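What follows draws every value from the coordinates through simple rules; no lab data is involved. Given the structure is predicted, the values throughout are model-derived calculations rather than measurements.
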Amino acid sequence: MKFLIILYVIFSSLFALSVATLNFKKCYSKDLSCLKDAIQDALPKLKDGIDALGVPPLDPLLVPKMSNKECQFRYK
């Protein structure tokens, strides 16, 4: 039982370290300039995805299905 607890602690620590090394920029929600810079900084990090977090790669971006029924714009 102690062996399983030790394994759990080791794997959870490694997971936390892998997530902590991503270094995403943090911003206040109303600071638009900071948000713009944070998005530009995050895109290259998300290009290949993040397996530890289950984030799929953005390059290439695959959209399995798209419908115009989901669009909220009204044309006059």
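Around the amide H of Ile50, modelled in the peptide plane, lie the amide H atoms of Val55, all under 5 Å away and 5 or more residues distant in sequence or on another chain. Extension gain, Leu58 to Leu32: 0.36 nm times the residue separation minus the Cα-Cα distance gives 7.1 nm.
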